[in-house]
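Read through the structure below, which is laid out as structure tokens, and then see the notes.
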Amino acid sequence: MPDLTVAIVYPELLGLYADRGNAIALRHRAELRGLSCEVRDIHLGEALPEAVDVYIIGGGEDAALGPAIRELRSQRALVGAPDRGAVVLGVCAGFQLLGRRLEAPDGSSVEGLGMLDIESRPLPDRRAVGEIAVQSPLLGELQGFENHRGDALLGEGVTPIGTVEHGVGNGHGNQEGAIDGNVVGTYLHGPALVRNPVFADYVLAGATGAELEPVEDELVERLRAERRAALVHERRGRRRRRW
Amino acid sequence: MTGISIRYRAALALARALAWASRHLLHRGGNVIGGAVMLRLAGGGIAAKARRHRITIVTGTNGKSTTTAMITAALRVRGAVDTNADGSNTSHGLAWCVATAKAHEIVLEVDESWLPWAVDTFGPAAAVLLNLTRDQLHRRPEIQPMAAAWRTALQAVPCAVAVAEDPAVVWAAYGARRTEFASTGDGWTSDTVLCPQCGEVLHDRREVWACNCGLTMPAATVEIRDQRIVVDGQDLGIYERLPGHVNVVNAAVALAATRDQVEPTRALAAIAEQVGDVAGRYRDVTVEGRRTRLLLAKNPAGWQAVLGMLREGASILLVFSAEGVDGRDTTWLYDVSFEGLRGRPTAVAGQRGTDLAVRLHLDGIDVGDLHRSVRSALMALPEGEVDVVATYASFQTVRRELHVA
């Protein structure tokens, strides 16, 4: 039996935007510490197992929201996951589905899983697409790529992951994501945990209940430095164009 | 001569002069400026000229250049055919191809976003729809709206030819007045799991897809059975000129698109004989003892297909970028499995090579030093066979650095 089991929930519906990358990152960070990790795809129609340490609910098309919420509502394993000590990570559409209510672009509204005290609605202007940088009191500097049209309104029961320094994030108040104990939602899509090892370790620590030794990953740090430099370059370019 | 034709001829003369200047003074293709001038000064004339030709448009996320070349080769069995072989597949390049076409028959590769415009402007006789998968996510984040736009546009097209395994393109094809389908023979493996017609989850996903609303995988007139191409029940044999199953599928679709005009056996022979490389793709080039083969891959489906084409024993050079038509989002690398490269000598280069190196690192593949130059990455690999896989912008860099015309 592996030390850690990561489940990608309905990858054919909610794993369309590189969400497997988050599972790969968790496996990598676990293995660096000598922990074995199994990544399991849970397909539509299969029962969500309870013997899972991290559930990843990823991104999907707008049309997938209705069928996805119907399937997820019928699964008890997910709603009970935080009480069992498992982590639930929702990304983009997955983040919205974890909320109390979500409004679709066509104006229709659907009740979410209620695992995060958020409501989401479409961004008023246009899709948020591009590099995103976030300062988090909990996780430090987060970076990634966002590609969504959701605006997440946070209630009192959650705290944002951090403050947006570049990009859109939740869509207002310069906030990005939401955390409530072991339930985490973010708009940093796809392999956010690859580019942010501290974020990956936060999820691992939550799932294992253990304090983890820091582990350096030189190549990932090099990528982070490259993307940070590219963002600085882009900002300077924008300022020059404004002048 | 009517006033319109005088205006058209004047615009064409100006466009030709500017295209010539672009080619000879700026070393560019010339077709973009030519097409821009024609659309600006004689857009109506282009549309009128298009309707004097028989036009087939070819679109899809992957394989459209190759399939366009294959359909062109097949139709040339009967006579002259003009095509946009340079790959300029948006409005300007398409307009220039039509404006300068001499043959009655034209085959146009069309960018998937430009299909509605191309249908409206050129009034094609047929549209060939290959597939719809995720590509350039910053520009086209969702597949379903694209399928809906295609379906609406195709209502003006007499015949649509599509791949039966892809629910999105099948549903879009039903917008046309008549349909023709080719089957890949490998079941339902597309991105689409929701019914494009009613939005519910499709069932029987691995073999024949179907939905409770009635939409179902159609019967195909051209099929691939055990890698053999079968047209209307007749076994035409194995196609193996270009590597990979995707190219057998492209050939099958080309036969479905031309079977009314060219006898399929002759069409397949022409395809096998004439389509050896497509704008540098599949080209073999030897550089200082490295016998390279150039492969283009632009998105998750494309990379997965190309990784399956790699020659046994060949070293691998991967060149990765996120500029221009590559799109800005590199996260889809995590939708591709690179585990098959373990144990092979592999080098990485390109503007976003670090993104790819990290991806490989997480799949247990160490690529050593990262290279900015394609040539230095190639020289880091042992002499012998090297398969080079590059994204679109990187592919042009590879051609430039390795002096491939």
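We did not get these values from a lab; they are worked out from the coordinates using the rules stated. Predicted model only: the values in this text are computed from it and were never measured. Note: ideal-geometry Cβ built from the backbone for every residue, glycine included; neighbour counts use all protein chains shown.
For segment B:162-235, give the share of DSSP beta bridges that are antiparallel, in percent and rounded to the nearest 5; count only bridges with both residues there. Present the calculation step by step, with values, prior to reporting the outcome.
Values: 9 of 13 bridges.
Antiparallel: roughly 70 percent of the beta bridges in segment B:162-235.
In Å³ and rounded to a whole number, note down the convex hull volume per residue for the Cα atoms of chain B. Working shown, then result.
Details: hull volume 57.8 nm³, N = 405.
Cα convex hull per residue, to the nearest whole number: 143 Å³.
Considering the Cα positions of the protein assembly as shown, please state its Rg to one decimal place and its Dmax as a whole number of Å.
25.6, 85
Checking the a/c ratio against 1.5 first, then a/b against b/c, what shape does the Cα gyration tensor give for segment A:1-90?
On the way: a/c = 2.33, a/b = 1.45, b/c = 1.60.
Oblate, since a/c reaches 1.5 and b/c is not below a/b.
With the Cα gyration tensor of segment A:123-190 giving a ≥ b ≥ c as the square roots of its eigenvalues, does the rule (a/c under 1.5 for rounded; else a/b larger than b/c for prolate; else oblate) give rounded, prolate or oblate? Write out the running numbers ahead of the final one.
Numbers: a/c = 1.75, a/b = 1.25, b/c = 1.40.
The shape class here is oblate.
Relative contact order (percent) for chain B, with alpha-carbon contacts under 8 angstrom and 6 or more residues of separation?
Working: 841 pairs, mean separation 51.2, N = 405.
Relative contact order here is 13 percent.
If we count other beta carbons within 10 Å of each Cβ, what is the order of B:181, A:145, fewest first?
Values: B:181 23, A:145 26.
Ranking B:181, A:145 by Cβ neighbours within 10 Å, fewest first, gives B:181, A:145.
Tell me which lysines have Cα within less than 17 Å of residue B:298's Cα, excluding those fewer than 8 residues away on the same chain?
Partners within reach: B:64.
Averaged over all directions, how much area does the convex hull of the C-alpha atoms of chain A cover when projected, in nm²? Let's see the in-between values first.
Working: hull surface 51.9 nm².
Mean projected area of the Cα convex hull: 13.0 nm².
For chain B, with only Lys/Arg (+1) and Asp/Glu (-1) charged at the beta-carbon, what is the dipole magnitude about the Cα centre, in debye rounded to 20?
On the way: 43 positive and 42 negative charges, 378 e Å.
Value, rounded to 20: 1820 debye.
Cut-off 10 angstrom, C-alpha nodes, Gaussian network model of chain A. Which of A:93, A:51, A:30 fluctuates the most?
Top of the fluctuation ranking is A:51.
Quick one: if you take sqrt(5λ) for each eigenvalue of the C-alpha gyration tensor of segment B:1-146, what semi-axes come out, biggest first, whole angstrom? Let's see the in-between values first.
Numbers: eigenvalues 129, 65, 48 Å².
Working from the Cα gyration tensor, I get semi-axes of 25, 18, 15 Å.
May I ask for the distance between the Cα centers of segment B:303-365 and segment A:160-212, given as a whole number of Å?
The two parts, judged by their Cα centres, are 27 Å apart.
Over all residues in A:63-71, what is the mean tally of Cβ atoms on other chains that come within 10 Å of each residue's Cβ? Numbers along the way, then the final one.
Details: counts 9, 6, 1, 3, 6, 2, 0, 2, 1.
Mean number of neighbouring Cβ atoms from other chains: 3.
Along each principal axis of its Cα atoms, how long is segment B:270-403 end to end? Whole angstroms, biggest number first, please.
Projected onto the principal axes, the Cα atoms of segment B:270-403 cover 42, 30, 26 Å.
From zero outward in steps of 5 Å, how is the percent of C-alpha pairs of segment B:138-295 spread across the bins?
In order of increasing distance, the bins hold 2, 9, 15, 17, 17, 16, 12, 7, 3, 2, 1, 0 percent.
On average, how much area does the Cα convex hull of segment A:165-224 cover when viewed from any direction, in nm²?
Working: hull surface 20.2 nm².
With the hull built on Cα positions only, its mean projection is 5.1 nm².
Just name one of B:106, B:282, B:213: the one whose Cα is farthest towards the positive end of the charge dipole of chain B (beta-carbon charges, Lys/Arg +1, Asp/Glu -1).
Projecting each Cα onto the dipole axis, the largest value belongs to B:106.
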